[in-house]
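As structure tokens, the structure follows; a few thoughts come after it.
The values are calculated or read from the model by the stated rules, or taken from the named source; none is laboratory data. The structure displayed is predicted, hence computed values, not measured ones. As a convention, Cβ positions derive from the backbone with ideal geometry for all residues, glycine included, and neighbour counts pool all protein chains shown. Surface areas here come from the heavy atoms of the whole protein model, side chains and all, with no ligands, DNA or RNA. Shrake-Rupley method; radii C 1.70, N 1.55, O 1.52, S 1.80 Å.
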Amino acid sequence: MGLDIHARAAQTKPGQIWIKRAILEMGGKDSIIVSADCDLDAAVEGVVAAAFGFSGQKCSACSRAIVEDPVYDVFLERVRERVGTLRVGDPAGNANMGPVVNRSAMGTILSYIEIGKGEGRLLTGGHAVTNAEGGYYVEPTVIADVAPTARIAEEEIFGPVLAVIRAHDFDHALGLLTTRSMD
């Protein structure tokens with residue numbers, strides 16, 4: 001769809017003076033790099049808010065945290081603790097995370113979580129949530145020790161799933177932003 005929009009925007013029409021400008025988000029995997037010298041508590045809050053706000057169903061959701069080695073283990077522990085405080089349920093009842101859009105989306109998200117369990121270490125979450133309010137709820141899920149070329153690190157999940165990738169240092173983390181498998 002994005003390529004079609006891009007092609008249409010590039011075609012000038014009779015009487016058109018300026019080209020149309022288009023910025024297209026086409027299934028990217030938004031990342032946050034967590035540096036060894038960061039304010040770790042702020043980084044944890046930022047990653048959790050970005051990954052699980054709107055149940056991860058937004059184009060700007062953080063779906064990958066790329067964490068420098070010196071703070072990796074502490075970051076994981078703090079993220080696990082913070083995610084454990086999130087309430088899943090009807091947003092009208094002040095829950096932190098509402099439902100995913102429909103049954104099909106929930107099924108897709110849960111299938112990616114199963115894939116992720118084979119590609120990394122399930123840190124927290126990973127299940128559907130039965131809820132008296134109805135709707136399709138998925139626990140906020142964090143999968144650690146994920147390779148940068150793993151499916152859950154490359155493919156769009158569009159749900160509450162965070163892949164955590166270890167980086168040696170900041171330069172390595174920057175390089176991981178563009179790592180893609182050649183399959």
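The figures follow:
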| read-out | value |
| --- | --- |
| Complete set of residues in region 119-147 that are open to solvent by 30 Å² or more (accessible area, probe 1.4 Å) and within 14 Å of the chain's Cα centre (by Cα) | Glu139 |
| For Ala50: the one exception among (1) more than 24 Å from Ala95 (Cβ to Cβ); (2) surrounded by 13 or more Cβ atoms within 10 Å (Cβ to Cβ) | (1) |
| Residue, farthest from Arg87 (Cα to Cα), within region 135-169, restricted to residues that are part of a strand (DSSP E or B) and of a type in the set (Phe, Trp, Tyr) | Tyr136 |
| Complete set of residues in region 89-104 that are of a type in the set (A, V, I, L, M, F, W, C) and either open to solvent by 40 Å² or more (accessible area, probe 1.4 Å) or out of contact with any helix residue (DSSP H, G or I) (no Cβ under 9 Å at 6 or more places or on another chain) (or both) | Ala92, Ala95, Val101 |
| Any chance Thr12 is closer than 24 Å to Val164 by Cβ, open to solvent by 80 Å² or more (accessible area, probe 1.4 Å) and of a type in the set (Val, Ile, Thr) | no |
| Selection status of Ala65, over 16 Å from Leu174 (Cβ atoms) and among the hydrophobic types (A, V, I, L, M, F, W, C) | no |
| Some residue of region 1-8 being part of a loop (DSSP other than H, G, I, E, B), within 19 Å of the chain's Cα centre (by Cα) and modelled with pLDDT under 85 | no |
